[in-house]
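Read the structure below first, then the notes.
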Amino acid sequence: MRTKYAAGNWKMNMSFEDGQILFSEVTNMVKDEVVNPNVKVVMGVPAPYLSSFSKLINTEKVSIAAQNCYPKASGAYTGEVSVPMLKSAGVEYVIIGHSERREYFNETDAFIAEKVDAILAEGLTPIFCCGETLGQREEGVHFDFVKGQLTNSLFHLDADALQKVVIAYEPIWAIGTGVTASSDQAQEMHKELRAHLASKYGAEVAENISILYGGSVKPGNAPELFSQPDIDGGLVGGASLDSRGFTDIAKSF
Ligand code: PGA
């Protein structure tokens, strides 16, 4: 059975002190309350907090994620953070290819592919984001566009490596807008993406890969989204900044 995920993406929010409270509340609630044992709760926190917050984790059900990395291991790259550094700070997951990074920091599919390799080389798990704009959906090119993102950044991997990647489909028009893709729209895309993985790696490999949905996931819509056959959880932005709400999302499976 595929691992299910409630993954939070705090983005550039929360002071150190407020973040510490939020992080502890979530890890305590997830530890003490009934969460499906097949669910992994991941919190993507700002880089300066990673080392300190990773020490607050008190249950195997919770892991910490970085929101970015640089693909080189070390060297003269002022301001960047490498995967070995993240690993030494207790990080297990790295969110990459988020549409905000693609848009504001001009990240390309090829650069994101380098990050995938760097993360896997250290034994960490990439959470690879993909998704189309509203314009692309209206033009009807959304399936081909998102499948192309997978091809360009993941299809150089062998089957073993691919199965270590978590994919997050996040339609850009649904991120931070309050507009969620309907569960039918999300399921339709997830099914297409799984079929695309199967076309290269075979159905058995494709069946093993967790594909999360992201874009205005909330406690109210999570149960219906997560009940779809090809949706293996959520990458949650705004709603991950509320400990009760985010924990409820983790309990929606
Ligand atoms: P949102 O963000 O839940 O606030 O829409 C999702 C994301 O960007 O990962």
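Rule-based calculations on the coordinates, nothing more; no lab input. Fair warning: this is a prediction, and the values are worked out from it, not measured in the lab. Using ideal geometry, Cβ is built from the backbone for each residue, glycine included, and neighbour counts are taken over all protein chains shown.
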At 222 nm, what value in deg cm²/dmol follows for the chain if DSSP H runs of at least 4 each add -39500 (n - 2.57) and the sum is divided by all its residues, to the nearest 500?
-12000 deg cm²/dmol
Considering only 156, 98, 196, give the residue with the highest GNM mean-square fluctuation for the chain, with springs between Cα atoms whenever their separation is below 10 Å.
156
Cα→Cβ-extended label distance, 7 Å offset, between residue 58 and residue 177, nm
4.1
The stretch 59-102 pair-distance distribution - Cα-Cα, 10 Å bins, rounded %:
26, 49, 22, 3
Provide, in order from the shortest bin, the percent of all Cα-Cα pairs of the stretch 73-176 in each 10 Å bin, continuing until the bin that contains the maximum pair distance.
14, 45, 30, 9, 1
Restricting attention to the stretch 2-96, which chymotrypsin sites (Phe, Trp or Tyr not before Pro) occupy a DSSP loop and are surrounded by at most 14 other Cβ atoms within 10 Å?
77
Apply the Debye scattering formula to the stretch 4-113, with a single equal point scatterer on each alpha-carbon and no solvent, then give log10 I(q)/I(0) at q = 0.11, 0.13, 0.14, 0.18 Å⁻¹.
-0.37, -0.51, -0.59, -0.93
Hey, got the Cα dimensions of the stretch 175-245 along the principal axes, in Å, largest first?
39, 21, 18
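Could you calculate, for the chain, the ratio of the Cα radius of gyration to the Kirkwood radius, expressed as Rg to Rh?
Details: Rg = 16.9 Å, Rh = 18.0 Å.
Radius of gyration over Kirkwood radius for the chain works out to 0.94.
Determine how many Å³ per residue the convex hull of the Cα atoms of the stretch 1-67 encloses.
Values: hull volume 5.2 nm³, N = 67.
Convex hull volume per residue, Cα atoms: 77 Å³.
With 25 Å as the limit, write out which pairs from 4/31; 87/218; 40/164; 72/200; 87/251 have Cα-Cα distances beyond it, or answer none. Don't skip to the answer; put the middle values down first.
On the way: 4/31 16 Å; 87/218 30 Å; 40/164 14 Å; 72/200 28 Å; 87/251 28 Å.
In this structure, 87/218; 72/200; 87/251 exceed 25 Å between Cα atoms.
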